[in-house]
Amino acid sequence: MINLYTDTSRLTRHPLIGDDAQAKLGTPPSLLASIARIFGEGLNPDAAVARILADVHARGDAALRDWTQRIDGIQLDSLAVEARLTIDQSLVSSLQFAADRIRAFHAQQPIRSWQSADGTLGQRLTPLYRVGIYVPSGSAPLPSSLLMCVIPAQVAGVKEIVVCTPPGKPNGDVPPVILAAAHLCGIEHVYRLGGAQAIAAMTFGTESVPRVDKIVGPGNLFVTLAKRQVFGLVGLDGLAGPTETVVVADDSANPAWVAADLLAQAEHDPLATALLLTPSRKLAEAVQQEIAHQIESLSRADIIAQSFANRGGIILTPDLATAVRLANEFAPEHLCLSVENAADWVDGLTNAGGLFVGEWSFEVLGDYVAGPSHVMPTGGTARLASPLNVLDFVRITSIISLDAATAAHLSPVAAALARAESLTAHENAASLRS
């Protein structure tokens, strides 16, 4: 059962990675025991990741095979497998339908180079040459994440795309649905690599895995810690924490639908956040009843229960305006408005990775087929970051092409500013051209 609260303690943010997170939230004993078994000594997750990164950097493919054997219990004969269609045609059609909508959405994003009328100034947008995509495939394969990452990169003009996903047990097979999604995107093969070793392979390059310019895609704690440690050697989309949804609802909302949306979010992860903010006690109690009813038929009920206990809940607010304000301050990955006249509240909501307006714009559609990438900022970073988009796969070069007259006009001002900063060499370079 999801709990009902009248305070806002569930809206308190905690660090999601690193030593502070371990101090506040604690590293699960089972995880520490697993690390000790794999490494032969007690290490915290950060130290374990650092060891994997260093080993892959030093030994390449041999280290990738060793760590896959030690962590996943799988002995790989080859790191890459062919992307191919071996799934039911109806599922192929669904993947293609989603891919087409994702491509059409991102094709609308304006990315253009420009030049001033006199040709002296401009910006040039150049696609990244090679990017790496990490596709989670732990408790559930996520072909949707492959589509949501690969397609914006292709729209941007990226020439080479490297896809890594964890090998499946017991034989290291990649789920056929992920291979099918890759094939539909024109990806020829997929690397059977997960966790920190996958991030290391794409960052440093090995005999089999090419080095990339940027790595994108969500992952577990070890993927996130590895991305943090390699930042600067390779570009990143961000550091993804557990997924999160805040639903703001009033008496007009359908309690069965609100409950279904909260359950869908909670089944991702025991640390997923699924929150309902509402001024209506009647709705809150109806949603509680619906959750108790619907959860009985769901395959991941245990995960959902843990998620609700850890991070979920229903928060009663004095009024709808307060619910909207608190949701905006929380800056969730997904912010869903299940209220009457939902469009009236949109302008005041600035902090969300995705804003889902009205009950027909429910988040599950955003996860799969609406069009925008479902890779969105988490942990409150929606205050400052954006969902994965075409601009993540281009770099901007400023073009300065001045003639003598323009340089002579600008140089005295540059010299004056340099002099104010006590940078006499700067001042000299400007004065020589005055």
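Restricted to the range 185-230, and to residues there that are crowded, with 22+ Cβ neighbours inside 10 Å and aromatic (Phe, Trp, Tyr), the residue that is modelled with the highest pLDDT is 191.
Within the option set 362, 330, 356, being among the hydrophobic types (A, V, I, L, M, F, W, C), crowded, with 20+ Cβ neighbours inside 10 Å and free of Cβ contacts under 8 Å to residues at least 24 places away in the same chain holds for one residue only, 356.
Candidates are the residues of the range 256-266 that are surrounded by 22 or more Cβ atoms within 10 Å (Cβ to Cβ) and either on the phi > 0 side of the Ramachandran plot or not β-branched (Val, Ile, Thr) (or both); the one that is farthest from the chain's Cα centre (by Cα) is 259. One residue stands out in the range 292-316 among those that are among the β-branched types (Val, Ile, Thr) and under 23 Å from residue 327 (Cα atoms): the one that is surrounded by the fewest Cβ atoms within 10 Å (Cβ to Cβ), namely 315.
Number of residues in the range 50-64 that are surrounded by fewer than 20 Cβ atoms within 10 Å (Cβ to Cβ) and closer than 14 Å to residue 191 by Cβ: the value is 2. Do the conditions hold for residue 120, that is, is it among the β-branched types (Val, Ile, Thr) and in contact with a helix residue (DSSP H, G or I) (Cβ under 9 Å, 6 or more places away or on another chain)? Yes, satisfied.
Looking at residue 232, is it free of Cβ contacts under 8 Å to residues at least 24 places away in the same chain and small (Gly, Ala, Ser)? Here the answer is yes, as residue 232 does meet what is asked. Quick check on my filter: what residues within the range 368-421 are surrounded by fewer than 17 Cβ atoms within 10 Å (Cβ to Cβ), touching a strand residue (DSSP E or B) at 6+ places or on another chain (Cβ under 9 Å) and of a type in the set (A, V, I, L, M, F, W, C)? If the condition is that a residue be surrounded by fewer than 17 Cβ atoms within 10 Å (Cβ to Cβ), touching a strand residue (DSSP E or B) at 6+ places or on another chain (Cβ under 9 Å) and of a type in the set (A, V, I, L, M, F, W, C), then 391, 396, 399, 400, 402 are the ones that fit.
Taking the criterion of being within 17 Å of residue 235 (Cα to Cα) and either hydrophobic (A, V, I, L, M, F, W, C) or within 18 Å of the chain's Cα centre (by Cα) (or both), the residues of the range 193-208 that qualify are 196, 198, 199, 200, 201, 202, 203, 204. Here is the figure for the range 72-100: residues that are modelled with pLDDT under 95 and either part of a helix (DSSP H, G or I) or outside the structural domain of residue 191 (by TED's automatic domain parsing) (or both) total 1.
Selection over the range 371-414 of residues that are out of contact with any Ser or Thr (no Cβ under 6 Å at 6 or more places or on another chain) and either closer than 22 Å to residue 330 by Cβ or part of a strand (DSSP E or B) (or both) gives a count of 21. On the stretch given as the range 220-255, residues that are more than 30 Å from residue 314 (Cβ to Cβ) and in a loop (DSSP other than H, G, I, E, B) total 3. Report the residue count in the range 335-351 for those that are assigned to a loop (DSSP other than H, G, I, E, B) and without any contact (Cβ under 8 Å) to a residue 40 or more places away in the chain. Qualifying residue count for the region: 4. Please tell me if residue 281 is surrounded by 16 or more Cβ atoms within 10 Å (Cβ to Cβ) and among the charged types (D, E, K, R). For residue 281, the condition - surrounded by 16 or more Cβ atoms within 10 Å (Cβ to Cβ) and among the charged types (D, E, K, R) - is not met. For the range 129-156, a residue qualifies if it is of a type in the set (Ser, Thr, Tyr) and at pLDDT 95 or above, and the qualifying residues are 129, 134, 144, 145.
Is it the case that residue 394 is in contact with a helix residue (DSSP H, G or I) (Cβ under 9 Å, 6 or more places away or on another chain), modelled with pLDDT of 95 or more and of a type in the set (Val, Ile, Thr)? In short, yes.
The values are calculated or read from the model by the stated rules, or taken from the named source; none is laboratory data. Predicted model, so just to flag it, every value in this text is computed and none were measured. Note that we place each Cβ from the backbone using ideal geometry, even for glycine, and neighbour counts take in every protein chain shown.
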